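**Q** Below are the structure tokens for one structure; questions will follow.
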Amino acid sequence: MTTESLITKLRDVWAGSPWYGRSVRELLLRVDYDSPQIRQIILHMIAWRRFALDKINGVNAEIVMDSEIDWPQQEQLSITESIDWLEANISQITAALADRDDDWLQSSVIGENYDYKFLINGIIQHDIYHIGQIVLLLKHGL
């Protein structure tokens, strides 16, 4: 796996044509109301994207599972603002990755017992997992 292939996967999951159907961005743009459940999932996705970007940039960030950082409660952030933030973040992550060579993917993430390839694949999988939850919420009007 190359840095370029991970960048492509990140972009496809966010706004491209992923193998499973609609992209995260396409599905979130279908949200025409301010769902607290969907907002909570998006804020959780943002938290982990921040974590990943910090790690890519060499910051020893930490998230404790089920904590306020893992599941933030920012009521003032609208769905539209959340989508905008996710869009900006994917650009930041892909720009940071574009500066890295393929060997860097095998290096250890600061403060963790895994490499950068594992981290980036984790963010891709995390987005796909949570978009499935969002689709169910949309389907049931929650």
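**Q** For the stretch 45-62, which positions are surrounded by fewer than 17 Cβ atoms within 10 Å (Cβ to Cβ) and of a type outside the set (Gly, Ala, Ser)?
**A** Asp54, Asn57, Val59, Asn60, Glu62
**Q** Right, next: Return the only residue of Arg49, Arg100 being at pLDDT 90 or above and either under 15 Å from Asp127 (Cβ atoms) or not in a loop (DSSP other than H, G, I, E, B) (or both). Working first, answer last.
**A** Working: Arg100 fails: either under 15 Å from Asp127 (Cβ atoms) or not in a loop (DSSP other than H, G, I, E, B) (or both).
Every option except Arg49 fails the conditions.
**Q** Give me the pairs: first residue in the stretch 129-142 and over 15 Å from Tyr20 (Cβ atoms) and at pLDDT 90 or above, second residue among the small types (Gly, Ala, Ser) and surrounded by 10 or more Cβ atoms within 10 Å (Cβ to Cβ), beta-carbon distance under 7 Å, and six or more apart or on different chains, which are they?
**A** Leu137/Ser35
**Q** Could you identify the single residue in Ile83, Ile69 that is surrounded by 12 or more Cβ atoms within 10 Å (Cβ to Cβ), touching a Lys or Arg at 6+ places or on another chain (Cβ under 8 Å) and closer than 20 Å to Tyr129 by Cα?
**A** Numbers: Ile69 fails: touching a Lys or Arg at 6+ places or on another chain (Cβ under 8 Å).
It is Ile83.
**Q** Picking from Ile90, Ile63, Ile83, which residue would you name as being under 16 Å from the mean Cα position of the chain (by Cα), part of a loop (DSSP other than H, G, I, E, B) and of a type outside the set (D, E, K, R)?
**A** On the way: Ile90 fails: part of a loop (DSSP other than H, G, I, E, B); Ile83 fails: part of a loop (DSSP other than H, G, I, E, B).
Result: Ile63 is the single residue among Ile90, Ile63, Ile83 that is under 16 Å from the mean Cα position of the chain (by Cα), part of a loop (DSSP other than H, G, I, E, B) and of a type outside the set (D, E, K, R).
**Q** Among the residues that make up the stretch 25-38, is at least one of them under 21 Å from Tyr129 (Cα atoms), surrounded by 17 or more Cβ atoms within 10 Å (Cβ to Cβ) and modelled with pLDDT of 95 or more?
**A** No; the residues of the stretch 25-38 include none that is under 21 Å from Tyr129 (Cα atoms), surrounded by 17 or more Cβ atoms within 10 Å (Cβ to Cβ) and modelled with pLDDT of 95 or more.
**Q** Only one residue in Arg100, Arg50 is more than 14 Å from Val13 (Cβ to Cβ), in contact (Cβ under 8 Å) with a residue 12 or more places away in the chain and in contact with a Ser or Thr (Cβ under 6 Å, 6 or more places away or on another chain). Which one? Write out each step before concluding.
**A** Numbers: Arg50 fails: in contact with a Ser or Thr (Cβ under 6 Å, 6 or more places away or on another chain).
That would be Arg100, the only listed residue that is more than 14 Å from Val13 (Cβ to Cβ), in contact (Cβ under 8 Å) with a residue 12 or more places away in the chain and in contact with a Ser or Thr (Cβ under 6 Å, 6 or more places away or on another chain).
The values are calculated or read from the model by the stated rules, or taken from the named source; none is laboratory data. All values reported here derive from a predicted model rather than from experimental measurement. Cβ sites come from the backbone with ideal geometry, for glycine too, and all protein chains shown count toward neighbours.
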